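Trainee: Take a look at this one; I'll ask things after.
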Amino acid sequence: MKTYIDNFGKEMQYEETVWNSTVANLTLMALGSSAPEILLSIYETIVYIDGTPGELGPATIVGSAAFNLLVISAVSVMAVDEVKKVDDMGVFAITAIASMFAYAWLFIVLKVWTPGFVTVIEALLTLVYFFVLIAFAYCADRIRSIQLEKEKGLLDKEDLAKEKIRLCNKAYLRKVAQQFG
């Protein structure tokens, strides 16, 4: 909770977001939805540490990602009878390109460079690509936020004060709703 003092000296509290929603969706949501597959893959690797691990872990990760990307997206779009609009085309384009690149990268690693196994360098590059995706998506999100703030005129001090008061009122209503159910 942050404290804001208005023009009349009244102290008000409001909440500020800690996580950027784009970063949270790319990290926390992905980890949460893929945790079973990741744990299965880790378990299988530990069990067969001296031998060749099975294909169940990696296959479920790839299959789950493909299902999420293709089937769940399609069902979500078809579920509502209204026109859908992508709010931030920059983030959408970056994540769409990264998704397609991920499948191409997987093919290159497993079929072209080192058929049948993954080297440490390839694994590290994959991890680096994930952080590059997050960085690019975050930058696109921030650029869009700045554009929206300029459009709304929130960069001037009076509008910023009004926005803080709105956030304070919202936090107060949330607190009252929690208190009285």
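What follows is calculated from the coordinates using simple rules that are stated; it is not laboratory data. Please read all numbers here as calculations on a predicted model, not as lab measurements. Neighbour counts run over all protein chains shown; Cβ positions are idealised from the backbone, glycine included.
Trainee: List the chymotrypsin sites (Phe, Trp or Tyr not before Pro) within region 113-154 that DSSP assigns to loop and that have no more than 10 neighbouring Cβ atoms inside 10 Å.
Mentor: In loop regions of region 113-154 (DSSP not H, G, I, E or B), the sparsely surrounded chymotrypsin sites (Phe, Trp or Tyr not before Pro) are F117.
Trainee: Hey, another quick one. Kyte-Doolittle mean at least -1.0 and Cα extent at least 18 Å along the axis: which DSSP H helices of the chain qualify?
Mentor: 30-47, 89-107, 120-152, 157-180
Trainee: So for region 88-156, taking the charge dipole from beta-carbon charges (+1 Lys/Arg, -1 Asp/Glu), which of I94, L127, P115 sits furthest toward the positive end?
Mentor: Ranked along the dipole, the leading option is P115.
Trainee: Count the net charge of all other residues whose Cβ sits under 15 Å from the Cβ of E44, scoring Lys and Arg as +1 and Asp and Glu as -1.
Mentor: Overall, the nearby charge balance is -3.
Trainee: To continue, here is another question. When the Cα atoms of region 50-181 are enclosed in a convex hull and the volume is divided per residue, what value in Å³ results?
Mentor: Here the figure is 224 Å³ per residue.
Trainee: If you stretched the chain out fully between E55 and Y129, how much longer would it get, using 0.36 nm times the residue separation minus the C-alpha to C-alpha distance?
Mentor: Here the segment from E55 to Y129 would lengthen by 24.3 nm.
Trainee: Give the calculated FRET efficiency between S145 and W105 to the nearest 0.05, with a Förster radius of 30 Å applied to their Cβ-Cβ distance.
Mentor: The pair S145/W105 has a calculated efficiency of 0.55.
Trainee: Using mean Cβ contacts within 10 Å as the protection proxy, how do 29-36, 47-54, 97-104 order, highest first?
Mentor: Descending mean neighbour count gives 97-104, 29-36, 47-54.
Trainee: Please sort 39-45, 79-85, 89-95 by packing, taking for each peptide the average over its residues of neighbouring beta carbons within 10 angstrom, highest first.
Mentor: On the way: 39-45: 14.4, 79-85: 6.4, 89-95: 17.3.
The most tightly packed comes first, giving 89-95, 39-45, 79-85.
Trainee: Another question, then. Give the Kirkwood hydrodynamic radius (Å, one decimal) of region 60-105, defined as one over the mean of 1/r across all pairs of different Cα atoms.
Mentor: Averaging 1/r across every pair of different Cα atoms and inverting gives 12.0 Å.
Trainee: With +1 on each Lys and Arg Cβ and -1 on each Asp and Glu Cβ, and nothing else charged, work out how big the dipole of the chain is about its Cα centre, in Debye to the nearest 20.
Mentor: Around 540 debye, computed over the chain.
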